[in-house]
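The values are calculated or read from the model by the stated rules, or taken from the named source; none is laboratory data. All figures in this text were calculated on a predicted structure; none of them were measured in a lab. So basically every Cβ, Gly included, is an ideal-geometry build from the backbone, and we count neighbours across all protein chains shown. All accessible areas refer to the heavy atoms of the entire protein, side chains included, with ligands and DNA or RNA removed. Shrake-Rupley method; radii C 1.70, N 1.55, O 1.52, S 1.80 Å.
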Amino acid sequence: MRRIVVIILCLLALSSAAAERRDSSVIHRVGLNLRPGILLQNHDFFKGSNATGRPMLATGSVHLQYSFMFPASSNVGRIYPTSYQGIGVAAYTFGNHDATGTPTALYVFQGGEIARFGKSLSLDYEWNFGLSMGWKPYDDVLNPNNLVVGTSVNAFINAGLMLSWHPKKDLAFSAGLDFSHFSNGDTTFPNSGVNSVTSRFGVVKSFTGGCHDIGRNHYGRKKPTIWFVDRIRCDVIAYGAWNEESVRYQDEEYYVDGKFAVAGLNINPLCLVCFPWLSVGPSLDLQYNEGMNIQDHVAGVNPADGSLRFYRPSFREQFAVGLSLRAEIQMPVFAVNLGLGHNVIYKGAELDGLYYFAVLKTFLTKSLFAHVGLKVTDSDCSNNLMLGFGWRFGNKY
């Protein structure tokens, strides 16, 4: 997980340098924002079942961000005139350092304009994705009540909407709402996750070159004519990961010793339905998860240490073939892919039901991309990360 995020951060820095070499009017931006809000009470740990006995209701963070916009004279700048992407660092508090720690986050982010109201007001979106470090995880001696966070390093995912006021073309003030999620993708238990809803207040200053004028009619230009065959592309992704499992046996919850390997292959044709940013299409999803259906193969309790023993499930109970429907938002450097699917070839209860994808693709070349995602089932019994690479066939835009 750390290596993949480092690759994304390095790629972003290289993209900025390459863009500046092509055109000296690359727009650099520095922003500061505050995000006070509330913790969602999805576990008794937040309600007071912790070492201090105090409920945790509020959260807050401060974010320093650097971003850049491609120049209006470039092809990317003409296609995505308001898009920006960059690197951010944040400090978080949850009001109880002894229970959770005071994490810091390092992340990539991207945003842009959804709609404009006059020359100085716009509705914008922004997503953040990265790592959060400095958590105080579960420890059976030092922090036994923390059944929410199992690792000191966790993934950080955030998405938000905001209204931005542009009194000058190189200055913007914003206010909006965000949703944040922290977890480790079930790589280590416990992993109930930390969720928050926050307000957001920020300021952004732009430097260098001719800054984009918010009043320009970016979207009034005639869209190019694109033949249907040119709208089709296909992504082939191979990924791997690891996770931990828990089972219920004789009315008790047991964490299974060891980690289980995960490997998968996705074949995802996509049709560009709204140039240049929105594509949809089906996906054939193959996945092997070594920990699936072990609930049905309990051999008993080891009297020496109280741990469970298991028979190994058959390959058919660990492998599944599914079909999903994907929607992908394509922006410079990054693409966000969301999906909903169901296994059609499988065996065992843990592979039944709907599953969901949330994926970030980072393009290293026009066709090669790094793939970082999370797969979640509606039964919440087979969550796993998806860390790998993909190749895009037929990428003409």
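Looking at Leu147, Leu161, just one residue is part of a loop (DSSP other than H, G, I, E, B) and surrounded by fewer than 19 Cβ atoms within 10 Å (Cβ to Cβ), and that residue is Leu147. Within segment 130-141, residues that are aliphatic (A, V, I, L, M) reach partners that are open to solvent by 20 Å² or more (accessible area, probe 1.4 Å) and part of a loop (DSSP other than H, G, I, E, B) with beta carbons closer than 8 Å, at six or more positions or on different chains, in the pairs Leu131/Met1; Met133/Ser152.
Could we say that Asp296 is open to solvent by 40 Å² or more (accessible area, probe 1.4 Å), part of a loop (DSSP other than H, G, I, E, B) and acidic (Asp, Glu) here? Criteria not met by Asp296.
Does Ala155 count as closer than 27 Å to Val203 by Cβ, part of a strand (DSSP E or B), touching a strand residue (DSSP E or B) at 6+ places or on another chain (Cβ under 7 Å) and open to solvent by less than 60 Å² (accessible area, probe 1.4 Å)?
Working: closer than 27 Å to Val203 by Cβ: no; part of a strand (DSSP E or B): yes; touching a strand residue (DSSP E or B) at 6+ places or on another chain (Cβ under 7 Å): yes; open to solvent by less than 60 Å² (accessible area, probe 1.4 Å): yes.
When the stated conditions are applied, Ala155 does not pass them.
Leu360 versus (1) over 28 Å from Phe109 (Cα atoms); (2) touching a helix residue (DSSP H, G or I) at 6+ places or on another chain (Cβ under 9 Å); (3) not polar (S, T, N, Q): which is the lone unmet condition? For Leu360, the failing item is (1). Pick from segment 294-342 the residues that are modelled with pLDDT of 90 or more and of a type in the set (S, T, N, Q): which of them is nearest to the chain's Cα centre (by Cα)? Among those that are modelled with pLDDT of 90 or more and of a type in the set (S, T, N, Q), it is Asn337.
Yes/no per residue for (1) at pLDDT 60 or above; (2) in a strand (DSSP E or B); (3) among the basic types (Lys, Arg); (4) crowded, with 16+ Cβ neighbours inside 10 Å:
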residue	(1), (2), (3), (4)
His212	no, no, no, yes
Gly215	no, no, no, no
Tyr219	no, no, no, no
Lys223	no, no, yes, no
Ile226	yes, no, no, no
Val229	yes, no, no, no
Asp235	yes, yes, no, yes
Val247	yes, yes, no, yes
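Whether a residue is open to solvent by 40 Å² or more (accessible area, probe 1.4 Å), among the β-branched types (Val, Ile, Thr), assigned to a strand (DSSP E or B) and under 17 Å from Ile87 (Cα atoms) was assessed, and Ile114 does not pass this test. Given the criteria surrounded by fewer than 19 Cβ atoms within 10 Å (Cβ to Cβ), of a type outside the set (Val, Ile, Thr) and closer than 16 Å to Val262 by Cβ, does Phe389 qualify? Considered against the rule, which asks whether it is surrounded by fewer than 19 Cβ atoms within 10 Å (Cβ to Cβ), of a type outside the set (Val, Ile, Thr) and closer than 16 Å to Val262 by Cβ, Phe389 comes out as yes.
Among the residues of segment 185-197, which ones are open to solvent by 10 Å² or more (accessible area, probe 1.4 Å) and of a type in the set (S, T, N, Q)? Break it down into steps so the answer makes sense when it comes.
First, the residues of segment 185-197 that are open to solvent by 10 Å² or more (accessible area, probe 1.4 Å): 186-189, 191-192, 195, 197.
Residues satisfying the conditions are Thr187, Thr188, Asn191, Ser192, Asn195.
I'd like to check something: does segment 356-371 contain any residue that is at pLDDT below 90 and crowded, with 22+ Cβ neighbours inside 10 Å? Among the residues of segment 356-371, not one is at pLDDT below 90 and crowded, with 22+ Cβ neighbours inside 10 Å, which makes the answer no.
Residues checked against (1) farther than 19 Å from Ser246 by Cα; (2) touching a helix residue (DSSP H, G or I) at 6+ places or on another chain (Cβ under 9 Å); (3) in contact (Cβ under 8 Å) with a residue 40 or more places away in the chain:
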position	(1), (2), (3)
Asp285	yes, no, yes
Ala299	no, no, no
Val344	yes, no, no
Ala349	no, yes, yes
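Within segment 274-291, count every residue that is modelled with pLDDT under 90 and open to solvent by less than 50 Å² (accessible area, probe 1.4 Å). Talk me through it step by step, then tell me what you get.
We begin by selecting, within segment 274-291, every residue modelled with pLDDT under 90; these are 274-277, 291.
Keeping just the survivors that are open to solvent by less than 50 Å² (accessible area, probe 1.4 Å) gives 274-276, 291.
Residues in segment 274-291 being modelled with pLDDT under 90 and open to solvent by less than 50 Å² (accessible area, probe 1.4 Å): 4 in total.
Surrounded by fewer than 17 Cβ atoms within 10 Å (Cβ to Cβ) and either of a type in the set (Gly, Ala, Ser) or under 23 Å from Leu360 (Cβ atoms) (or both) - does that describe any residue in segment 164-174? So far as segment 164-174 goes, no, none of its residues is surrounded by fewer than 17 Cβ atoms within 10 Å (Cβ to Cβ) and either of a type in the set (Gly, Ala, Ser) or under 23 Å from Leu360 (Cβ atoms) (or both). Pick out the one residue from Pro303, Pro313 that is out of contact with any strand residue (DSSP E or B) (no Cβ under 6 Å at 6 or more places or on another chain) and crowded, with 19+ Cβ neighbours inside 10 Å. When all the criteria are applied, what remains is Pro313.
Among the candidates Ser122, Ser132, the residue that is touching a Phe, Trp or Tyr at 6+ places or on another chain (Cβ under 6 Å) and open to solvent by less than 20 Å² (accessible area, probe 1.4 Å) is uniquely Ser132. Residues in segment 330-354 that are buried (at least 17 other Cβ atoms within 10 Å of the Cβ) and either polar (S, T, N, Q) or farther than 20 Å from Asn293 by Cα (or both): Gln330, Met331, Pro332, Val333, Phe334, Ala335, Val336, Asn337, Gly339, Asn343.
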